[in-house]
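Q: I have a structure here, written as structure tokens, and I will follow up with some questions on it.
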Amino acid sequence: MKFLLLMSLAWVMAAPVWSQPLEAGAVPSVEQQRARIAQQIAEQDARTAIEEGACQAKFAVTDCLVDVRRRRRDTVADLKRQDASLGSQQRKQKGGDQLIRLEDKAVEARAAESRKTLAAQEDADKPARSKSPQPAVRVDRQARVSTKMPGDIKKDADERALREKKYNERLRLAQERKERKAKNLAQKPDKKLQPLPVPG
């Protein structure tokens, strides 16, 4: 009986080694790591059940059970900490991905805005067309549009820098207000609260 118990315990402890991925440098995915943690918890539960059965055959059953349950609690707590760490890493990664998507969307919006601005300026530069415009006038219009593009880009960059400067100034002012309010709250004396009336 004891031999069978020891063999099953040895097999359960060796199972995680056999289930390792074949590639030595492979990094397991979050799902694989969570599955590994769940498997280790199940294996620990199986070991605990076997050890509790062995404790029942001993004279000091209570001390043996307390020791077995303590070892299980320690092992499972460590595995749960690993699982929580995986969840935290996954949330951070999703947050980073969301920030990248937002930045890409903002860049696309700025590009669309600059294209729209250029199109509006081209429309404004074109005089009312007559039915048959002269070729020389058309070439002159194209030259004006091509010479205005670098200036427009510089103008857009200047406007963007000005908006960013104003934004940073608003942030600084908001931070100053927040600090003043916190300072004022810290300096206020605590109000003495009246005790509740005695129920009668």
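The values are calculated or read from the model by the stated rules, or taken from the named source; none is laboratory data. Bear in mind that the values here come from a model prediction, so they are computed numbers and not experimental data. Here the Cβ is made from the backbone with ideal geometry for all residues, glycine too, and neighbour counts use every protein chain on show.
Q: Only one of (1) surrounded by 12 or more Cβ atoms within 10 Å (Cβ to Cβ); (2) modelled with pLDDT of 90 or more; (3) farther than 17 Å from Gln40 by Cβ; (4) of a type outside the set (Ser, Thr, Tyr) is not met by Arg73, so which one is it?
A: With respect to (1) surrounded by 12 or more Cβ atoms within 10 Å (Cβ to Cβ); (2) modelled with pLDDT of 90 or more; (3) farther than 17 Å from Gln40 by Cβ; (4) of a type outside the set (Ser, Thr, Tyr), Arg73 is out only on (3).
Q: Oh, and also: I need the full set of residues from the range 52-64 which are free of Cβ contacts under 8 Å to residues at least 24 places away in the same chain and surrounded by 13 or more Cβ atoms within 10 Å (Cβ to Cβ), in order please.
A: Looking only at the range 52-64, we keep the residues that are free of Cβ contacts under 8 Å to residues at least 24 places away in the same chain, and these are 52, 55-64.
Correct list: Glu52, Cys55, Cys64.
Q: If you don't mind, there's one more thing I want to ask. Do we have any residue at all in the range 65-78 that's in contact (Cβ under 8 Å) with a residue 40 or more places away in the chain and more than 19 Å from Gln32 (Cα to Cα)? Spell out the reasoning first.
A: Going through the range 65-78, the residues in contact (Cβ under 8 Å) with a residue 40 or more places away in the chain turn out to be none.
No, the range 65-78 has no match at all.
Residue by residue, here is whether (1) within 46 Å of the chain's Cα centre (by Cα); (2) of a type in the set (Gly, Ala, Ser); (3) closer than 30 Å to Pro28 by Cβ; (4) at pLDDT 85 or above holds:
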position	(1), (2), (3), (4)
Gly53	yes, yes, no, yes
Asp63	yes, no, no, yes
Gln90	yes, no, yes, yes
Ala119	yes, yes, no, no
Arg138	no, no, no, no
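Q: With respect to the numbered conditions (1) free of Cβ contacts under 8 Å to residues at least 24 places away in the same chain; (2) closer than 23 Å to Arg34 by Cα, which one is the sole condition not fulfilled by Leu86?
A: Result: Leu86 fails condition (1) only.
Q: So which residues in the range 29-48 are assigned to a helix (DSSP H, G or I) and farther than 14 Å from Thr75 by Cβ, if there are any at all?
A: Step one: list which residues in the range 29-48 are assigned to a helix (DSSP H, G or I), which gives 30-48.
Selection gives Val30, Glu31, Gln32, Gln33, Arg34, Ala35.
Q: Just give me the residues in the range 55-66 being of a type outside the set (Ser, Thr, Tyr), assigned to a helix (DSSP H, G or I) and out of contact with any Cys (no Cβ under 8 Å at 6 or more places or on another chain), in sequence order. Even if it seems obvious, please write down each step before you answer.
A: Start the filter on the range 55-66 by keeping residues that are of a type outside the set (Ser, Thr, Tyr), which leaves 55-61, 63-66.
When the remaining residues are screened for being assigned to a helix (DSSP H, G or I), the result is 55-56, 61, 63-66.
Residues satisfying the conditions are Gln56, Asp63, Val66.
Q: Select, from Arg180, Arg172, the only residue that is among the basic types (Lys, Arg), part of a helix (DSSP H, G or I) and more than 30 Å from Glu113 (Cα to Cα).
A: Arg180
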